[in-house]
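What follows is a single structure, written as structure tokens, with notes after it.
The values are calculated or read from the model by the stated rules, or taken from the named source; none is laboratory data. This structure is a prediction, so every number in the text was calculated from the model and none was measured. With ideal geometry, Cβ positions are generated from the backbone for all residues, glycine too; neighbour counts draw on all protein chains shown. Note: accessible area is taken over every heavy atom of the protein model, side chains too, but ligands, DNA and RNA are not part of it. Shrake-Rupley method; radii C 1.70, N 1.55, O 1.52, S 1.80 Å.
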Amino acid sequence: MSQAEVDLCMGRSIGTFGKVEAGRLRPTEPYTWEMGAVLRLSEAEFTAVYYHWHKRYPPRPLRETSLPLSSTWQGLIERQGDMAYMSDSGSDLLMHNQLFAELFPSKQAPLNSAEWMLFSEEARDFNLVDWEGKNTGWLTVWAPRVVPVIRNAIDLQPDHPRLLQIQRRIVDDPDLEPLWRGPRAAYQSPDADIRPIRHSVRGYGHVEIIFTSPLSTPLNRYVILVFQEGLNPPGEPGVPESAPLTQRS
């Protein structure tokens, strides 16, 4: 496509795109989105162009894409030495490894990670503890970080049916509703979070969360959970180590 054809497709004066390419005209953010769509840039290409022009990463992908159940990604997740899974833009799980399934008493990975953390009896009664090993951790430690992530995802995809379904359940839940209605948290991403957890096999411990996205499908999430035994998080030696699993209530 020639520079003039780009201008015609975007409804701009002939010569506009040439000035942008030559650096003589600074593009606005709306122009960048429109240009990315017209040129059919890949997500990686669009991210690079957007960062070059605006000195920050785009707040959302150029287009919503879904990751097929690729044997390459599945193989990577299966070979991962820690718990790992891939979810889509609505937090539905696409794939996971066996180590992740072993986290749960049922040995079954949930269909949706956000719904499981917020509403599942398995999560509330067993897996999601606080730093003292109490089962209130799903509400005091986990939910205050999960709810803002759902809110941010809805900002990017305001019509996403799965996210809106989760929002309705949050608002209808008397324990979670104050987190949604209250002051908006500045929290953005679980990447590098360290949270207490109870593993069905390994007992009490904590996980460090590695949270990232493929460049080609940035609405999908590749999550690694690095488990370490003991409830005291790194850098907080004052928090007591967890007792053996059999001594916990």
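Which residue out of TRP138, TRP142, TRP131 is within 28 Å of GLY203 (Cα to Cα), open to solvent by 50 Å² or more (accessible area, probe 1.4 Å) and not basic (Lys, Arg)?
The match here is TRP131.
Consider GLU208 against the criteria (1) at pLDDT below 90; (2) in a strand (DSSP E or B); (3) of a type in the set (D, E, K, R): it satisfies all of them except one. Which criterion is unmet?
(1)
Pick from ASP155, ASP175: which is out of contact with any Gly (no Cβ under 9 Å at 6 or more places or on another chain) and in a loop (DSSP other than H, G, I, E, B)? Please lay out each step first, then the result.
Working: ASP155 fails: in a loop (DSSP other than H, G, I, E, B).
The conditions single out ASP175.
Quick check on this structure: which one of ASP159, ASP173 is farther than 21 Å from ASN232 by Cβ, under 21 Å from the mean Cα position of the chain (by Cα) and acidic (Asp, Glu)? Give the derivation first.
Numbers: ASP173 fails: under 21 Å from the mean Cα position of the chain (by Cα).
Result: ASP159 is the single residue among ASP159, ASP173 that is farther than 21 Å from ASN232 by Cβ, under 21 Å from the mean Cα position of the chain (by Cα) and acidic (Asp, Glu).
Give me a count of the residues in segment 96-106 that are open to solvent by 20 Å² or more (accessible area, probe 1.4 Å) and out of contact with any helix residue (DSSP H, G or I) (no Cβ under 6 Å at 6 or more places or on another chain).
The first filter runs over segment 96-106 and keeps only residues open to solvent by 20 Å² or more (accessible area, probe 1.4 Å), leaving 96, 98-99, 102, 105-106.
Filter again for out of contact with any helix residue (DSSP H, G or I) (no Cβ under 6 Å at 6 or more places or on another chain), leaving 96, 98-99, 102, 106.
Selection size over segment 96-106: 5.
Take the residues in segment 181-196 that are open to solvent by less than 30 Å² (accessible area, probe 1.4 Å) and part of a loop (DSSP other than H, G, I, E, B); name whichever of them is nearest to SER113 (Cα to Cα). So that I can check it myself, show each step before the final result.
Taking segment 181-196 and keeping what is open to solvent by less than 30 Å² (accessible area, probe 1.4 Å), we get 182, 190, 193, 195-196.
With part of a loop (DSSP other than H, G, I, E, B) added as a condition, the list becomes 182, 190, 193.
Numbers: GLY182: 23, PRO190: 13, ASP193: 16 Å.
Ranking the qualifying residues of segment 181-196, first place goes to PRO190.
Name every residue in segment 200-227 that is aromatic (Phe, Trp, Tyr) and more than 11 Å from the chain's Cα centre (by Cα), in order of residue number.
From segment 200-227, those aromatic (Phe, Trp, Tyr) are 204, 211, 222, 227; that's our starting set.
If the condition is that a residue be aromatic (Phe, Trp, Tyr) and more than 11 Å from the chain's Cα centre (by Cα), then TYR204, PHE227 are the ones that fit.
Taking only segment 167-180 into account, find how many residues are open to solvent by 30 Å² or more (accessible area, probe 1.4 Å) and closer than 14 Å to MET117 by Cβ. Outline the logic, then answer.
Initial filter on segment 167-180 (open to solvent by 30 Å² or more (accessible area, probe 1.4 Å)): 167-169, 171-172, 174-175, 177-179.
Subsequent filtering for residues that are closer than 14 Å to MET117 by Cβ retains 169, 175, 179.
So the answer is 3.
Per-residue answers, yes or no, for (1) surrounded by fewer than 15 Cβ atoms within 10 Å (Cβ to Cβ); (2) in a loop (DSSP other than H, G, I, E, B); (3) in contact with a strand residue (DSSP E or B) (Cβ under 7 Å, 6 or more places away or on another chain):
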residue: VAL6; (1), (2), (3): no, no, no
residue: ILE14; (1), (2), (3): yes, yes, no
residue: TYR31; (1), (2), (3): no, no, no
residue: PHE46; (1), (2), (3): no, no, no
residue: PRO58; (1), (2), (3): no, yes, no
residue: ILE77; (1), (2), (3): no, no, yes
residue: GLY81; (1), (2), (3): yes, yes, no
residue: GLN108; (1), (2), (3): yes, yes, no
residue: GLU115; (1), (2), (3): no, no, no
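From the list LEU156, LEU164, LEU93, which one is open to solvent by 10 Å² or more (accessible area, probe 1.4 Å), in contact with a helix residue (DSSP H, G or I) (Cβ under 8 Å, 6 or more places away or on another chain) and more than 21 Å from VAL207 (Cβ to Cβ)?
Values: LEU156 fails: in contact with a helix residue (DSSP H, G or I) (Cβ under 8 Å, 6 or more places away or on another chain); LEU93 fails: more than 21 Å from VAL207 (Cβ to Cβ).
When all the criteria are applied, what remains is LEU164.
Of all residues in segment 83-106, which are hydrophobic (A, V, I, L, M, F, W, C) and not in a strand (DSSP E or B)?
So the first thing to find is which residues in segment 83-106 are hydrophobic (A, V, I, L, M, F, W, C), and the list is 83-84, 86, 93-95, 99-101, 103-104.
Selection gives LEU99, PHE100, ALA101, LEU103, PHE104.
Anything in segment 66-75 that is open to solvent by 40 Å² or more (accessible area, probe 1.4 Å) and at pLDDT below 80? List them, or say none. Steps first, please.
Going residue by residue through segment 66-75, those that are open to solvent by 40 Å² or more (accessible area, probe 1.4 Å) are 66, 68-69, 71-74.
Matches in segment 66-75: SER66, PRO68, LEU69, SER71, THR72.
All but one of (1) part of a helix (DSSP H, G or I); (2) without any contact (Cβ under 8 Å) to a residue 12 or more places away in the chain; (3) within 22 Å of GLU102 (Cα to Cα) hold for GLN165; state the number of the condition that does not hold.
Failing condition for GLN165: (3).
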